[in-house]
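Asker: Got a structure for you, questions after.
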Amino acid sequence: MKNIIFISLIFSLVLWGCNETWDEYYGEGDLETIDKSSLTLIEFFQKHPEYSKFFDLYKSVGIDEEMVKDQQVTLWVADNQAVDGTSDILPNDTVRMQYHINYLPFINTDLKNGTRIRSLNGVYLQITRESANVYVNKVKILKSYVLKNGVIHIIESMLKSKINMYDYLYSLSDEYSIFRDSVFAQNVKVFDMVNSIPIGVDKTGNTLYDSVFYVYNPLFEKAQFNSEFSQFTALVPNNSVIESCFNKLNTQYELMGKQVTLADTLLAMQWIKEAAFYDGIISDFTDKDTRSSFGRIWRDPIQKIDASNPVELSNGILYYVTEIKIPNNVIISRIKSLIEYWQYLSPEQQDWYEFKGTTFRADGSPNVSILVESATPKPEILPNYLVLNVTGDPELTSEFSVSFPPLEKYDEGGKTVVRKLKVPPGEYNLYMGFHSSGHPYVDVHFANDDESGNYTFQKINENLQVSLSTPWNFDRVTETEADLIPGGMRRWDGLGGLVGVVNIDGDAMASFRIKVVFNKLESAGGAKRLRPYHWSLKPTANNY
């Protein structure tokens, strides 16, 4: 008797477990699931004429053969009314109909939010859940049937096969030709020996293949946007957006006394391409920095996209770019000027330089000169180091300093002239160089130029021992030719010694002033003088 009771208890527990599994199998109550497991897929269509037109489409491309194989499949089926309401059905559209079938039975509990299911044509279906509703590619699933050899999900309308991101970009119109051609110009056709079939031997004994090739693109190393196994977000600018970007870049360069070179153009286009691809589906770029698959920073709202019209793709999503800017810290490696440009100031420009605590001659002119020093490591370009030589009165206890704006040197009618240089606003590292031998200790101050002449200087660094040749002697240290060029030997045209971080204020190109202040003598008997050679600005990572 005890054995009978024990067996009955076990049987009850098994039934309870089965019921729980059965409930889990058929769903969570948010999608009607009907058990017709006594029917095969073919028998289901025979008994449900309301889906006959969809079944005819399956048969027209031979998909009905998949329903009689020894396998389980899932079908995504629309009724006759939905088929009649689909205007873009093509005759014998195998690719589209293959999109409505996949291997393995996906029941309700398998349709979790974010699930991607590979269809028979190799393109993925996307499942989303919103409240009690379940969607496949945003098409609502109305109900489901569990059958003997598979599952049928009834959907509101026919699915339209999404295109792969690679194929979509490749098919972009000429309106996007700059971006499109720049991306695909890097394609390389690679022979796939593993999948190529040997078909014979030529006269010289070399194997002949029924050759298979695949396309490789260096961008695939970080963003394999041709793969159906990963998802990406792409940001794509058209030609007018890119041209506007380069027009602004040209204007910026002109104000810095430079020209956009071919190297600059290639660097900018590389940034645009590497800022175009992001891992996963990104739905919001608003008011934040977003890092691309290549580590590039997309900063909203400086960069802008049309977020209202995304393009959903089989392996991701695409947004069109409406405004793009190459970040300062990408396109600007350095901004540099020599202090000796002072000698080209016109009489009207002389007050751009201010000398305090200098020794005055009888005629009232400050004791300031251009001092020619030792030959440079690059005499064919710059025969001598030229420094501004400012001599101070050793008896004066008031401030001894020199302040100056950034200067750009250029030719005007065969005459060398200068003008104030403007730079993009943002954060920079300020570097300087001096004729260091026996130079006094100095403080360095910085001010934004508001064109009023009333500068508010901030001390950037103090008590700098610029008599040390490293890193202060001229521009022989930090990112010199020897640092930047493989095999480079000459230490010249560097940034110099790091003074500190400065900020250029404003929303547009702006100028500034640097002030070098005598702090104390290097040693007893040293001369009270200032001999600055150059300054350099290098954008920090924060300078976008």
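Just so you know, all these numbers are worked out from the coordinates, no wet-lab data involved. In this text the structure is predicted, and so the values were computed from the model without any measurement. Cβ atoms come from the backbone with ideal geometry, glycine included; neighbour counts cover every protein chain shown.
Asker: If R0 is 22 Å, what FRET efficiency do you get for Ser177 and Gln270 from their C-beta distance, rounded to 0.05?
Answerer: Values: r = 17 Å, r/R0 = 0.79.
The pair Ser177/Gln270 has a calculated efficiency of 0.80.
Asker: A follow-up question, please. Once label points are set 7 Å from the Cα along Cα→Cβ at both Ser369 and Gln81, what is their separation, rounded to one decimal in nm?
Answerer: Reported label-point gap for Ser369 and Gln81 is 10.0 nm.
Asker: Give the residue from His48, Val139, Thr109 lying farthest towards the positive end of the charge dipole for region 42-156; charges sit on Cβ (+1 for Lys and Arg, -1 for Asp and Glu) and the dipole is referred to the Cα centre.
Answerer: Thr109
Asker: Next question. What shape does region 335-539 have by the C-alpha gyration tensor, where a ≥ b ≥ c are the square roots of the eigenvalues, rounded means a/c under 1.5, and otherwise prolate means a/b greater than b/c and oblate the rest? It would help to have the intermediate numbers written out before the result.
Answerer: Details: a/c = 1.26, a/b = 1.09, b/c = 1.16.
Judged from the Cα gyration tensor, region 335-539 comes out rounded (a/c under 1.5).
Asker: Suppose R0 equals 25 Å. What FRET efficiency, 1/(1 + (r/R0)^6) with r the Cβ-Cβ distance, do Asn250 and Ala307 give to the nearest 0.05? Can you show the working numbers first?
Answerer: Numbers: r = 29 Å, r/R0 = 1.15.
Using R0 = 25 Å, I get an efficiency of 0.30.
Asker: Between Ser60 and Arg291, what is the label-point separation in nm under the 7 Å Cα-to-beta-carbon projection?
Answerer: The answer from the label model is 5.0 nm.
Asker: Which length gain, in nm to one decimal place, applies between Asp483 and Val201 when the Cα-Cα distance is subtracted from 0.36 nm times their residue separation?
Answerer: On the way: separation 282, 0.36 × 282 = 101.52 nm, distance 5.30 nm.
That pair, Asp483 and Val201, stretches by 96.2 nm at full extension.
Asker: Among Thr86, Ile339, Asn367, whose Cα projects farthest towards the positive end of the dipole of the chain, with charges put on the beta-carbon of Lys, Arg (+1) and Asp, Glu (-1)?
Answerer: After comparing all options, I get Asn367.
Asker: To continue, here is another question. Using only DSSP helix segments of four residues or longer, with each worth -39500 (n - 2.57), what per-residue ellipticity at 222 nm results for the chain after dividing by its residue count and rounding to 500? Mind showing how you got there, number by number?
Answerer: On the way: 12 runs with 107 residues, N = 544.
Computed ellipticity for the chain at 222 nm equals -5500 deg cm²/dmol.
Asker: Need one number: nm distance between label points at Glu323 and Lys112, each 7 Å from Cα along Cα→Cβ, rounded to one decimal.
Answerer: Roughly 4.2 nm, to one decimal.
Asker: Just subtract the alpha-carbon distance of Val95 and Leu396 from 0.36 nm times their residue separation and send over the number in nm, one decimal.
Answerer: In short, 99.4 nm is gained.
Asker: List, in the order given, every pair from Lys112/Lys325; Lys69/Lys112; Lys248/Lys378 whose Cα-Cα distance in the structure shown is over 32 Å. Can you show the working numbers first?
Answerer: Working: Lys112/Lys325 39 Å; Lys69/Lys112 27 Å; Lys248/Lys378 34 Å.
In this structure, Lys112/Lys325; Lys248/Lys378 lie more than 32 Å apart at Cα.
Asker: Take Trp342, Trp271 and order them by how many other Cβ atoms sit within 10 Å, fewest up front. Could the numbers behind the result be given before it?
Answerer: Values: Trp342 22, Trp271 18.
By the 10 Å Cβ count, ascending: Trp271, Trp342.
Asker: Which value, in debye to the nearest 20, gives the size of the charge dipole of region 396-445 about its Cα centre, when Lys and Arg are +1 and Asp and Glu are -1 at the Cβ? Don't jump to the answer; show the numbers that get you there.
Answerer: Working: 5 positive and 6 negative charges, 43 e Å.
Dipole about the Cα centre, nearest 20: 200 debye.
Asker: May I ask you to order 402-415, 78-91, 488-501 by the average number of other C-beta atoms within 10 Å around their residues, highest value first? Working shown, then result.
Answerer: Numbers: 402-415: 15.1, 78-91: 13.1, 488-501: 18.6.
The peptides rank, most packed first, as 488-501, 402-415, 78-91.
Asker: What does the extension gain come out to for Gln72 and Ala541, with contour length at 0.36 nm per residue minus their alpha carbon separation? Numbers along the way, then the final one.
Answerer: On the way: separation 469, 0.36 × 469 = 168.84 nm, distance 5.49 nm.
163.4 nm is the gain from fully extending Gln72 to Ala541.
Asker: Which label marks the calculated value of percent of Cα pairs over 30 Å apart, given the options [x] 67; [y] 55; [z] 48?
Answerer: Answer label, from the structure shown: [x].
Asker: Based on the Cβ-Cβ distance of Ser469 and Met509, what FRET efficiency does E = 1/(1 + (r/R0)^6) give at R0 = 35 Å, to the nearest 0.05? Intermediate results must be reported in sequence, preceding the final value.
Answerer: Numbers: r = 35 Å, r/R0 = 1.00.
Efficiency computed from Cβ-Cβ geometry: 0.50.
Asker: Sequence neighbours fewer than 8 away in the same chain don't count; with that in mind, list the aspartates and glutamates whose C-alpha is under 19 Å from Lys143.
Answerer: Leaving aside aspartates and glutamates fewer than 8 places away in the same chain, those within reach of Lys143 are Asp23, Glu24, Glu28, Asp30, Glu32, Asp35, Glu43, Glu50, Asp79, Asp110, Glu130, Glu156.
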